[in-house]
Every structure is written in structure tokens, then in C-alpha cells.
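What follows is a set of notes on a single structure, which appears directly below.
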Amino acid sequence: MTIASPALRLRATSAPAALPDVEQPAYVREKVTVGVVHLGPGAFHRAHQAFYFDRILAKDPRWGICAVSLKSPGVRDALEPQDGLYTLAQLDRDTTFRLVGSIVEVLVAPEDPPAVFARMASPQTRMVTLTVTEKGYCLSAEGGLDESHPDIVHDLANPGSPVSAIGYLVEGLRRRFVSGLAPFAVVACDNLTDNGWRLKAAVTAFAAKRDSQLAAWIQAEGRFPRTMVDSITPATDSALRDRVRLATGLEDAWPIQREAFTQWVIEDCLGTDAPDFADAGVTLTDDVRGFERAKLRLLNGVHSTLAYAGLLRGHETVFEGMSDPVLAALARDLMLLDIMPTLTAPRGLVLQDYAEAILDRFRNPEIRHLLSQIAWDGTQKLPVRILGTLSEALDAGRPIARLVLPLAAWMHFVRQRVAGQEPLVDPLAESLSDIASRCTGNAEEDVALFLAVKGMFPQTLLENADFRAAIVAAYAELA
Ligand code: CS2
């Protein structure tokens, strides 16, 4: 019996020794310069945008990424000893492994805000991308900047050491403004309706509180394209680490996994001062809204439904949920009967085919996507994923019995977690725990407590008697 020697740690010097099937960066990393700053380099960024920049770098070395963590040093601590390299496992009927080299610097913002501002204000930096999740936009239920948000209050008082993405963007832009540089383009990559527009409005509102000329400059010259991003990216687990070690022959502290499918649609307003996105497989379009609505409502809306309803039915993953005939039928009916009628297909997309392809992706046996991961941050995700569809269905006089199910299932999910003393991952966790502890099982009263969650449900829905009746009925039925 031979005893395997421990694998070498992945880094620039060991990468060439990776097993032959592993795809290597197709460029000389020493020649790469930073052209883009990314805020929030979590798993999704490394699975998605960093992969597209990895493709771009093969032809244009000016687009290396400076990744900025806004909170914890975890990404820096994992990637710095690896010279920024990490493994991307694309798990599908055919699985492939690729070493991604596009992240050439990692900063931890709270440790050194001036270093972040220096990168943002550098003439070489032409773009800032961000994945800070829905809650990172600090928006109110009506969609504008939530000026009472504690992070926003903090950043207005401490503009040189902000905690929010908005605070960083505005200070970075201000430094360019005073030194006479053009603003960097800001590319929002989170699952929000009209993400770029909302971000521009929030950034401009924040800037106006600091300096009206700065706000006018951002309003006039700032480019904030709307985008749609898509690739199913389960969190890294120890099974992935083991699999990557076997497949590459190297030890990677933080490999990333996703399905093979990936899509990035960007509103075509970046002009010539942008990388050749189209060449890297990105869709540039003037109809981003059509793509973004279809993805947010069909994929994310049904994902959240599967998460809450699936957990209540004792499932652990999306794949398991889709193997449950009741949930599989619910997912399909929601997509085809309830959500599709609210959508206008963008050019080149057949909605029925798109919906079928998503259902097929949910059935990918290689992907172990935990329902509990999707269930995070329900107060932030459900409004953008479900409430728009619901309001439009109500306006059009269509039935909403299925569309209220994810909301009712979420309420039961919250109650169960709190009753089981399990942690809730949500920025409003404290208020949700309080609500859950006051629930008695009386559908009407419990639902009223949840509907009063601050900033979650727009007034028009709260005043709609049909909506209230439908959600009370769904809640009672699920109990
Ligand atoms: C998921 C998304 O975790 C979630 O809430 O719905 O992350 C989803 O996997 C991606 O948006 C797919 O592109």
C-alpha cells in the first residue's frame, strides 16, 4: 500500500503542476494590471464575473480585478497565500476544472479604507463591479435609498471610513471628481429589479447629502448599466475541497463550484472604455429589463418557493425538492401559469423554452444546492422575486392562490426555525424572532404580524383585501 503524500498548496509556482485536464489561465499573470475593482468577492463573484474577466484577460491584460471585501478577511486569508488563484469546478453532466487568475489583489476594506479609495481613484481603474446581495443596496420598500439605514447614517457621518458599498462608491467617485478624472462605470451584479438604475439613484441621493455638485456630476456622467446575472453557485463544502484536490492534484483553501450554465447580460451603455465583453460571451443589449424580469421571477422566484416549501416538506436540496412530485408540479405551474403571463420576452428568448431549461437546471444531479442557503435573507429576496409578479397578477385579475404560497411558506419557515432555536440568516432576524414568538397559530393574526415587517410589503398590497384573504388561506392550509 502506498501512502499518498499531501497535495501541494495551489499558488503561482505550483499551478503549472496541476493535472493535465485542468484549464490554466490563458495569459501571463505578471503582465496583468488592475482595471476593475470588485466590491463583495463572495462565491458568486468568483464563479461568475471573475470567470468572464479571466476570459477577457486572454486578449487584454488591462482588466485584472482588485477584490475588496467589505467585512471579513476570509477571502484575503484564503487567496493571498495562493497568489489570488483558485479553482472553479463547473459541475454538470460533463464536469470541468479551471484555475482562475483574474483576481490579482485582495483588500479588506475595514483594515485599510485609503487603499480601497486609492484603487478606485486610480486612472487605470475604469470600472467597479459589485455583488453585495440585496441588503447591501440599503433600499427602502419603495425602492429609494433608505436614509434611516444604520450603515447609511454611519457613512454620512464618517465618509472616510464607510461600511456600506454606497459609502465606498460615493467617496471613490468624489476623489475622481476632484482630480478631474471621468467616473468609473458601476456594474451592479445582484438580483434586483433595475439594479443599476436603483443603485445610481441611491448613490446620487447619498452624494447629494454630501455635495450637490458631486451629485449632479454623477447624475450626468455616471454610467450604471442594469444587468442580469445567472449561474447557480452552491456554497463551498468539504466534499468540493476533496473533489478539487483529486481532480487538480493541488490543495485549494477555497475552491468554487457552479453549474456549467452561466449568463451575463449588460445594458449596452458602457461605450468604448469597457472590456470586450461580447467577445467573452456577455450579452450586451438595450432590452436588459426583459432578461432581468424573466430570470428574477422565473428562476429566483421559484427557487425561493422551493426553498421554503421544500424545507417544510423535509427536503435539503433543490434536486431533492424537484424529485418531490408535489413541488415539481408547483414549480412548473408557477412558472407557466402564474409568472409567464407577467413577462414580455426579450428579443431572442422563447419564454416557454427558457422556463423548461430552468426546470432542467434545477434537476442537475451534480449540484447540491442547499435549500437553507436560498432561504437566507427572505425579507430582502421575496419582495423582488415574488411581490412584483403578485401585484401585476392582482391588477390583471388573475388568480394568486399559488403566488402567495412562497410567502405563507416563508412565514411557517420562520416560525419553525425560531421554535427550534435555529439561527435565522436575515438582516431583520431580530424582529422576525420577535414576530415568531408572538404567533399563536391563528392564521389571521399571525399573518398580520408578518405583514407588518418593516419595509417589506408595499402599502398597495397591504391595503388589498384579496391579497390578505389569499395569504391567510394559504397560511392556514400549510399549517
Ligand atoms: C438563489 C440564487 O440563493 C439564492 O437565493 O436563488 O443565488 C440563484 O442560484 C442565482 O441567482 C442563480 O443565478
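The values are calculated or read from the model by the stated rules, or taken from the named source; none is laboratory data. A quick note: this is a predicted structure, and the numbers were derived from the prediction, not measured. Don't worry about glycine lacking a Cβ; one is built from the backbone with ideal geometry, like all the others, and counts go over all protein chains shown. Surface areas here come from the heavy atoms of the whole protein model, side chains and all, with no ligands, DNA or RNA. Shrake-Rupley method; radii C 1.70, N 1.55, O 1.52, S 1.80 Å.
Odds and ends about this structure:
- For the listed residue pairs LYS200/LYS381; LYS135/LYS454; LYS31/LYS200, the alpha carbons are over 23 angstrom apart in LYS31/LYS200.
- Probing with 1.4 Å while keeping every protein chain in the model, the per residue accessible area of region 289-478 equals 42 Å².
- Residues with amide H under 5 Å from that of ASP230, placed H, sequence gap 5 or more: GLN263
- Taking TYR27, TYR308 and ordering them by how much accessible surface each has at a 1.4 Å probe, largest first, produces TYR27, TYR308.
- Here region 277-393 was treated as a single set of alpha-carbon atoms; its pair distances binned every 10 Å from 0 give 13, 43, 33, 10, 0 percent.
- Note on ASP286 and ARG438: the model spin-label points, each 7 Å out from Cα along the C-beta direction, lie 5.1 nm apart.
- For the pair ALA26 and ASP83 in one chain, pulling the backbone fully straight at 0.36 nm per residue adds 18.9 nm over the alpha carbon distance.
- For region 194-201, Karplus couplings with θ = phi - 60° (6.51, -1.76, 1.60), whole Hz, Gly/Pro x: 6, 3, x, 5, 5, 5, 4, 4
- Dipole moment magnitude, nearest 20 debye, the chain about Cα centre, only Lys, Arg, Asp, Glu C-beta charged: 660 debye
- For THR460, the shell of other residues with beta-carbons less than 11 Å away shows a net charge of -3, using +1 for Lys and Arg and -1 for Asp and Glu.
- Sum of -39500 (n - 2.57) over DSSP H runs of 4+, divided by residues of the chain (222 nm, nearest 500): -12000 deg cm²/dmol
- Of ALA465, ALA393, ILE435, farthest towards positive along the dipole that unit charges on Lys, Arg, Asp, Glu beta carbons give region 289-478: ALA393
- Radius 9 Å from Cβ of ALA182, net charge of other residues (Lys, Arg +1; Asp, Glu -1): 0
- In terms of overall dimensions, the chain has a Cα radius of gyration and Dmax of 22.6, 73 angstrom.
- Extension gain (nm, one decimal) between ARG175 and GLN213, 0.36 nm per residue minus Cα-Cα: 12.4 nm
- Order of exposure, largest accessible area first, which applies to TRP376, TRP217 with probe 1.4 Å: TRP376, TRP217
- Ranked packing of 390-397, 181-188, 243-250, most packed first, by mean Cβ within 10 Å: 181-188, 243-250, 390-397
- Residues ARG126, ARG468 ordered from highest to lowest accessible area at a 1.4 Å probe: ARG468, ARG126.
- Whole-Å semi-axes of the ellipsoid equivalent to region 67-112 (Cα gyration tensor, √5λ, descending): 26, 11, 8
- Candidates ALA109, THR87, CYS66 compared by Cα position along the dipole of region 65-117: farthest toward the positive end lies THR87, with charges placed on Cβ.
- Once both labels are positioned 7 Å from their Cα atoms along Cα-to-Cβ, the gap between ALA479 and VAL153 label points is 3.6 nm.
- Rg and Dmax of region 144-283, both derived from C-alpha coordinates alone, stand at 18.8, 57 Å.
- Ellipsoid equivalent to region 8-286 - semi-axes via the Cα gyration tensor, in Å: 32, 19, 18
- Region 205-213 - phi-based ³J(HN,Hα) in whole Hz, Karplus 6.51/-1.76/1.60, Gly and Pro as x: 5, 5, 4, 4, 6, 9, 6, 5, 5
- Counting only Cα atoms, region 27-137 measures 44, 32, 27 Å along its principal axes, largest extent leading.
- Sequence-ordered 3J(HN,Hα) estimates for region 232-247 from the Karplus curve with 6.51, -1.76 and 1.60 and θ = phi - 60° stand at 6, 10, x, 4, 5, 10, 5, 4, 5, 4, 5, 5, 5, 4, 5, 6 Hz, glycine and proline given as x.
- Computed Kirkwood radius, in angstrom, where 1/r is averaged over Cα pairs of region 372-479: 14.0 Å
- Cα centroid separation, region 159-191 to region 408-449 (Å): 37 Å
- P(r) tail, region 391-448: Cα-Cα pairs separated by more than 14 Å, 61% of all pairs.
- Rg/Rg_globular for region 289-478, with Rg_globular taken as 2.2 N^0.38 Å and Rg from C-alpha atoms: 0.99
- Taking the centroid of alpha carbons for each part, region 323-345 and region 258-314 are 18 Å apart.
- When you restrict to C-alpha pairs under 8 Å that are six or more residues apart and normalise by the size of the chain, the relative contact order lands at 14 percent.
- Region 266-342 - Kirkwood radius from inverse mean 1/r over Cα pairs (Å): 14.6 Å
- The chain - share of DSSP beta bridges that are antiparallel (%, nearest 5): 30 percent
- Carbon/sulfur fraction of accessible area - region 200-305, other protein chains in place, 1.4 Å, %: 48 percent
- A straight line joining the Cα centroids of region 356-404 and region 83-116 runs 29 Å.
- Rolling a 1.4 Å probe over the protein heavy atoms gives region 119-183 an accessible area of 38 Å² per residue.
- Spin-label model, GLU366/GLU221: points 7 Å from Cα along the beta carbon direction are separated by 4.6 nm.
- For VAL187, residues with placed amide H under 5 Å, excluding near neighbours: VAL128, THR129, LEU130
- Rounded accessible area of GLU80 (nearest 10 Å², 1.4 Å probe): 110 Å²
- Compared with the alpha-carbon gap, the fully stretched path from ASP353 to ARG9 is longer by 119.5 nm at 0.36 nm per residue.
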